[in-house]
1. For region 58-216, place one equal point scatterer on every Cα, skip the solvent, and apply the Debye formula. What is log10 of I(q)/I(0) at q = 0.17 Å⁻¹?
2. For a quick protection proxy, order the peptides 484-497, 70-83, 36-49 by their average other-Cβ count within 10 Å, most packed first.
3. How far is helix 83-92 tilted, in degrees, relative to the longest principal axis of the Cα atoms in the chain, given as a value from 0 to 90 rounded to the nearest 10?
4. Using a Debye calculation, one point per C-alpha and no hydration shell, please list log10 I(q)/I(0) for region 346-463 at q = 0.14, 0.15, 0.20 Å⁻¹ in order.
5. Hey, any idea what Rg/Rh is for region 662-804, computing Rh the Kirkwood way over Cα pairs?
6. Under 5 Å between amide H atoms, partner at least 5 residues away or on a different chain: which partners does Y41 have, H built in plane at 1.01 Å?
7. How much solvent-accessible surface does R263 expose, in Å² to the nearest 10, with a 1.4 Å probe and all protein chains in place?
8. Could you state the principal axis extents of the C-alpha atoms in region 232-287, from the largest down, to the nearest angstrom?
Amino acid sequence: MEYNHRDIEKKWQAYWAKEKTFKAENDSSKPKYYVLDMFPYPSGAGLHVGHPLGYIASDIVTRYKRLKGFNVLHPMGYDSFGLPAEQYAIQTGQHPKITTEQNIKRYREQLDKIGFSFDWDREVQTSDPNYYKWTQWIFLQLFNSWYNPRTNKAEKLETLIAVFEKEGFKGNEHDILTGDIEKDLAPFTAVEWKSFDLKKQNDVLMNFRLAYLGEAYVNWCPAMGTVLANDEVKDGVSERGGHPVERKLMKQWSMRITAYAQRLLDGLDTIDWSDSLKEAQRNWIGRSQGCSIKFRISNFEGDIEVFTTRPDTLFGVSYLTLAPEHELVDKIVSAEQKDNVTAYVTYAKNRSERERMADVKKVTGEFTGAYAIHPFTNEKIPVWIGDYVLAGYGTGAVMAVPAHDERDHAFARHFGLQLKQVIELPEGWDLQKASYDEKKGKVINSDFMNGMEVVDAIKECIQRIENHKFGKGQINYRLRDAVFGRQRYWGEPIPIYYKDGIPHGIPENELPLTLPEVDKYLPTPDGEPPLARANNWKYKGQYEYELTTMPGWAGSSWYFLRYMDPHNTKAFADKAAMDYWGNVDLYIGGSEHATGHLLYVRFWTKFLKDFGLINVDEPAQKLINQGMIGGMSEKFYLQNIYQQDDKPHLEIRFDSEGKFELIELPKSIQHIYVSADVREKGFVKGSMDTLHPRNLPIELVDNSTLIDRKKFVEWHLQDSEAVFVCLGGYWYKDNFFPFKNSKETSQDFRTVRENEKMSKSKYNVVNPDQLCEKFGADSFRLYEMFLGPLTDSKPWDTKGIEGVSRFLKKLWRLYAHEGKLVLNDEEPSKPEYKALHKCIKRVTEDIDRYSFNTVVSTFMICVNELSDLKCNKRKILEPLAILLSPYAPHIAEELWSEAILGHKHSVTYATWPELNESYLVEDSFAFPISFNGKTKFNLEMSLTLTPAEIEKLVMEHADTQRFLEGKPVKKVIVVPKKIVNIVV
Ligand code: ANZ
């Protein structure tokens, strides 16, 4: 009956698996609770201690809720399509499926060792055809739908066709438009619609579909023959290979998430997510209210339409700026300016949108030679192009007001353009130095707006503009439609084939469209995606399939629903099951998904809701972002070898007087490793610029000292020869050569620690398996929580885990000691009850507010108190085992089991202990006893005493007499439950 974590943990993990202890039922009289973790991408590196942080927290909540009587759904699965497996396949030729399977196996082993209470019968893998069949099915629903602004939801295309058959399409004023894409569509009548052939009708419908094939700017890498994601491009070249990347307008499958912009914003008010996360989504969606204004072009048939949030500054416009890609550029450019403009457009085209937005300091642009006419003053206004104006936002054109807009100001100053002030400036403001951008003040120099406050002027101006039909009030969103097709192999095939140039969805009953086999996982020599390599891969043997695959975010946009009914072959999940589970009650995952996954999953949820396929409008009611765990790196220094007479030398300085020693090293030396304390003392010549910090594997270091030089050399460069410079001398092979003039004697090679991101490349990864093996999963779980608040980022330091492990041993001794049970059935004393109920209260409150770290200290305090009280009583220790079970489930099971507390069933479904406040009522208080306001000692007295009785007890106390030193007492003030003050 010793506490042996290895046996206990193995035993209970096997028990849970065999008994299916954590199986959730799809209908139950119990209330439901759904706890979800963001499922991992199974990478080759396996889990490090940062990964389980969120999983442990969610597992604690899961186990706690079960004990509170909930039917809890707590599933796990794998986001198993993705780039690393594909990259590995490209390098080795191994099918990504095999790599993925291996990695999943390893993840599963690691997860199992930590004792999570997942219902593994519900596991999903996004790369499993049984799963992606339904990802494809959802894609087809999106493909066959449009967003109807009149009903404010998605509908089947049939209702759009009905609109066309009745009303035709009235062009860019029609109230069925939702985004930018349909705007360019030419108007047609109902009669014309009916006369269109199939192809033409389909082209029109494509402008409205929620999953559509449209033109989008992409990062095209001609050398690699592929489109790259934004984060695969660094400084205009591909991250891998460094090939030039250009922005290219290409046909791409995209998702019309922009149709849901307003609902995605509104929904944020209904969910309990952190403010910072909501703010990130709001900024990403970027709603801005303003108006469009049309400027006639001088000597040209047509208008330039700008979007502005500041129509109040309309009289301050001194030029217009078009995005270099703007379609009018070619048409309006003057003959003299043509060459300059063309050169500029080429330059701008190859800068990514991100670069253009980030690079605010560099001002570039070109005059088009054309002029526009101010709608109210009829003044001639020069038209420029500049890459600070983005083609994809608003109308791709701005009216520039350099006096009141920072970027226009920079542009105007650079090119010597006019500044026109139209808002009153604060005292002492110098417009030459900076624009005044604030949206407040009185409008001046502006005809009908003179004297108005900015906000009122905005309203008034929009009114006038609309009356004159110069433009209209408008809301813009910065959110862009999401590119959905990728030129990659390892993803879901997009279930589309082409017949007579028209894309068709694969019939639903023929899904899944599985990934074909290919000879290589690379694009074809003529730049087609890898799927083009598949032999005879055609629908019905004759129609070309779509060759791009879905992006990483497709499968994760609905997985929370599949967990509710993962084996369904007739639907993505059974409606009744989804109605029962509703949405996720608690979702835990990293904040890096703020504007990716977490927007897409909200978008798909709203879409499915529009068709009544599900009943919830938001995927997760509560969401917590766990902080990142940093790794403690260990660093040493690498010294450039100093050559003298063609021989490697080491020059050592010993003190400020400049004494030095020049040591000739063996010729075979390839590296000089310098100990951190040597660098600190500035011993090595040129230490600042020739000493390079390098990480070394943390396993080779103990207490900031290198433990094995040989292993270090093997790791750093096999077979290379090196010297290790320490304070007292240097090591070469197994010999130590002391410095002759050094006062120091240390032979240790020291390292410095630094907190960095935990990553394989920094050699600072701590693996949970070894810790679980050495200290046990229970210690590991407690310790991860003990590190600090869940949402904080914090460094990992393995040292502290020993303290937690000692705590568990101490806990065990309350139940069994020296191999014998010490539990007894005596009635507990008041202090024992108090210790327990204090613990119940704090643990319950803290788990309810997701404060997991404080719970661990509460347990420690409780166990200390009970140990001091020598409490071995069942009535205290039985509830304690339950309280502890969400955190340390293995030891709790063992204590709960037949051998100790005597239960036949798992502690999982025990009942959470109820708090009895009466045990917490304080019946005494330690009064501070003070003399003339200075506290001298404390005196514990019953709270039932009257002030007179208290005074009597205090005055009789020996310490009081001692402090009085015989002086007469003037007055005694008793403040009940606070203080006693004696005035002398
Ligand atoms: C005139 C003006 C005067 C503006 C002023 C601002 C201040 P948000 O809030 O981000 O929507 N703008 C419009 N379209 C743009 C584009 N495609 N690329 C870059 N800038 C663009 O900002 C809207 C403002 O950003 C618009 O209002 C426009 O400049 C600029 F004192 O118009 B403003």
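1. -0.97
2. On the way: 484-497: 24.6, 70-83: 22.8, 36-49: 20.1.
Those peptides, ordered most packed to least, come out 484-497, 70-83, 36-49.
3. Orientation of helix 83-92: about 80 degrees from the principal axis.
4. Treating every Cα as an identical point scatterer, log10 I(q)/I(0) equals -0.70, -0.80, -1.28.
5. On the way: Rg = 18.4 Å, Rh = 17.5 Å.
On the Cα set of region 662-804, Rg over Rh gives 1.05.
6. D79
7. Accessible area, nearest 10 Å²: 40 Å².
8. 46, 26, 16
The values are calculated or read from the model by the stated rules, or taken from the named source; none is laboratory data. Just so you know, these numbers come straight off a predicted model, no measurement behind them. Note that each Cβ is placed from the backbone with ideal geometry, even for glycine, and that neighbours are counted across all protein chains shown. To get the accessible areas, we keep the full protein, side chains included, count just its heavy atoms, and leave off ligands, DNA and RNA. Shrake-Rupley method; radii C 1.70, N 1.55, O 1.52, S 1.80 Å.
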